[in-house]
Amino acid sequence: MNGIHDLGGKQGFGKINILQDEPIFRAEWERRMFAMFILTFAGGFFNVDKFRFAVENMDPVHYLTSPYYEHWLHALEQFAEEHGVLAPGELDAKVAELKKEAA
Amino acid sequence: MSDHHAEGRYTTDTALRVKAIESLLIEKNLLDPKAIERIVDLYENKIGPRNGARVVAKAWTDPTYKKWLLEDGTKAIASLGYSGVQGEDMVVVENTATVHNVLVCTLCSCYPWPTLGLPPNWYKEAPYRSRVVIDPRGVLKEFGVSIPSGVEVRVWDSNADLRYMVLPMRPAGTEGMSEEQLADLVTRDSMIGVGFPATVASAA
């Protein structure tokens, strides 16, 4: 599929952000997102092709401005809904609930 | 860490959303919280570029192994115990006095996990992925790597099925070093092609 993910040869993205001794995960949510994804992949929730297709269908601006593991979140949300594991709106409701708890 | 610019501007909401989906999957008994810890530990502490460094050091000291590695990377690497997710099909490309190899995944983030661990963030971000295929020498300069004009630069674009790893050149002055000592010279960047192994002086 042609799309924003097909970055080879595109211009204007600026300097490479090279960081020495960067941690493997930069935040706790990246850690948990990574592991959740590996486990749901191992559990047969999706395969590599489905994953790629989900990420390649992201909104181009969102794709370019979000941290990498947010792409994985986007894909996992989509698969969870497709499999009927999450009802439409269920995740938003949970986010609202957690927000309230944190406030 | 929360003010780290590379984490992007969606971080706070994203963190909450990740927590929400995790809570829901655990509530539905679809996810074991202990398994999350095990996976994190595996990729933070056990699988990383030290694996690839052992492959390289063996190739530097054992010509038969090196030949096998270049002919059938997947099997030769698996013989040292490194295989699995994102390393199912491996091709090893050799740097020589006339060829320098560099890896990228222009479409996404494909990277040989069993030998190199998880990729650095720059490998997954737009600037490297877009530019290394049209201006590899310029990109290498940003990494502090200068390739003489007489040396050919080859860029290998990974895909979902096939992963590459660079076999860097053995540094001069390392004759008589053990495989273990040599492995300590091998850097992650040298196996991506954006760096060189440490020299004996810099490692000492």
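The values are calculated or read from the model by the stated rules, or taken from the named source; none is laboratory data. Keep in mind that what you see is a predicted model, and the values were worked out from it rather than measured. A quick note on method: Cβ atoms are made from the backbone with ideal geometry, for glycine too, and the neighbour counts reach across all protein chains shown. To get the accessible areas, we keep the full protein, side chains included, count just its heavy atoms, and leave off ligands, DNA and RNA. Shrake-Rupley method; radii C 1.70, N 1.55, O 1.52, S 1.80 Å.
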Item to complete: May I ask you to list the aspartates and glutamates whose Cα is less than 17 Å away from that of A:Lys15, ignoring any residue fewer than eight positions away on the same chain?
Response: B:Glu7, B:Glu125, B:Asp135, B:Glu142
Practice prompt. Using only protein heavy atoms and a 1.4 angstrom probe, determine the accessible area buried between B and A, summed over both sides, in Å² to the nearest 100.
Written response: 5500
Discussion item. If the reach is capped at under 17 angstrom between alpha carbons, list the lysines near B:Lys19, excluding any in the same chain fewer than eight residues apart.
Written reply: A:Lys94, A:Lys99, A:Lys100, B:Lys28, B:Lys34
Worksheet entry | Taking the stretch B:101-204 and dividing mean pair separation by its residue count, relative contact order in percent (alpha carbons under 8 Å, at least six apart) | 31
Worksheet item: Of all the accessible heavy-atom surface of chain A, with the other protein chains kept in place and a 1.4 Å probe, what percent is carbon and sulfur?
Response: 54
Worksheet item: Roughly speaking, to the nearest percent, how much of the stretch B:49-198's 1.4 Å accessible area is carbon and sulfur?
Response: 52
Worksheet entry | Residue-normalised accessible area of the stretch A:47-102, expressed per residue, 1.4 Å probe, Å² | 49
Practice prompt. Starting from the Cα gyration tensor of the stretch B:145-204, take the square roots of the eigenvalues, sort them a ≥ b ≥ c, and report rounded, prolate or oblate (rounded when a/c is under 1.5, otherwise prolate if a/b is larger than b/c, else oblate).
Written response: oblate
Item to complete: Report the Cys residues of the protein assembly as shown lacking a disulfide-compatible partner, meaning no second Cys Cβ under 4.7 Å from their Cβ.
Response: B:Cys108
Worksheet item: With charges set only on the Cβ (+1 for Lys and Arg, -1 for Asp and Glu), what does the dipole of the stretch A:47-102 come to about its Cα centre, in debye to the nearest 20?
Response: 120
Response to the item:
A convex hull over the alpha carbons of the stretch B:48-203 yields, per residue, a volume in Å³ of 106
Item to complete: Work out which residues of the stretch B:28-73 lose at minimum 30 square angstrom of accessible surface when the other protein chains are put back, relative to the chain isolated, with a 1.4 angstrom probe, and list them by number.
Response: B:Lys28, B:Leu31, B:Ile36, B:Ile39, B:Val40, B:Tyr43, B:Glu44
Response to the item:
With Rg from the Cα atoms and Rh as the Kirkwood inverse mean 1/r over Cα pairs, chain A has an Rg/Rh of 1.00
Item to complete: Note down the magnitude of the dipole of the protein assembly as shown about its Cα centre, charges +1 on Lys and Arg C-beta and -1 on Asp and Glu C-beta and zero elsewhere, to the nearest 20 debye.
Response: 500
Fill in: Principal axis dimensions, the stretch A:47-102 - Cα atoms, whole angstrom, descending
35, 27, 15
Item to complete: Work out the mean other chain Cβ neighbour count within 10 Å for the residues of A:52-63 and drop it here as an integer.
Response: 1
Worksheet item: Can you give the accessible area of A:Trp72 in Å² (nearest 10), computed on protein heavy atoms with a 1.4 Å probe?
Response: 10
Practice prompt. Compute the Rg/Rh shape ratio of the stretch B:97-161: radius of gyration over Kirkwood radius, all on alpha-carbon atoms.
Written response: 0.97
Fill in: Residues of type lysines that B:Lys66 reaches as a straight line, Cα spacing below 18 Å, ignoring anything fewer than 8 places off in the same chain
B:Lys58, B:Lys75
Worksheet item: Which value at 222 nm does chain B reach when only helices count, each DSSP H run of 4 or more adding -39,500 (n - 2.57), with the total divided by all residues and rounded to the nearest 500 deg cm²/dmol?
Response: -11500 deg cm²/dmol
Worksheet item: How many percent of all Cα-Cα pairs in the stretch B:62-139 sit more than 20 Å apart?
Response: 42
Item to complete: Enter the accessible area per residue of the stretch B:4-137 (Å², integer; probe 1.4 Å; all protein chains in place).
Response: 42
Item to complete: Considering the options A:Ala80, A:Phe51, B:Trp113, tell which one lies farthest towards the positive end of the dipole of the protein assembly as shown, charges being +1 on Lys and Arg and -1 on Asp and Glu at the Cβ, about the Cα centre.
Response: B:Trp113
Discussion item. In whole Å, what are the extents of the stretch B:52-105 along the principal axes defined by its C-alpha atoms, from largest to smallest?
Written reply: 32, 30, 18
Worksheet item: Size of the dipole of the stretch B:26-169 about the Cα centre, Lys and Arg at +1 and Asp and Glu at -1 on the beta carbon, nothing else charged, in debye to 20?
Response: 280
Practice prompt. Using only Cα atoms, locate the centre of the stretch A:55-103 and the centre of the stretch B:94-125, then give the distance between them in Å, rounded to an integer.
Written response: 28
Worksheet, complete the sentence: The alpha-carbon pair-distance distribution computed for the protein assembly as shown, with 10 angstrom bins and whole-percent values, is 6, 25, 33, 22, 10, 3, 0
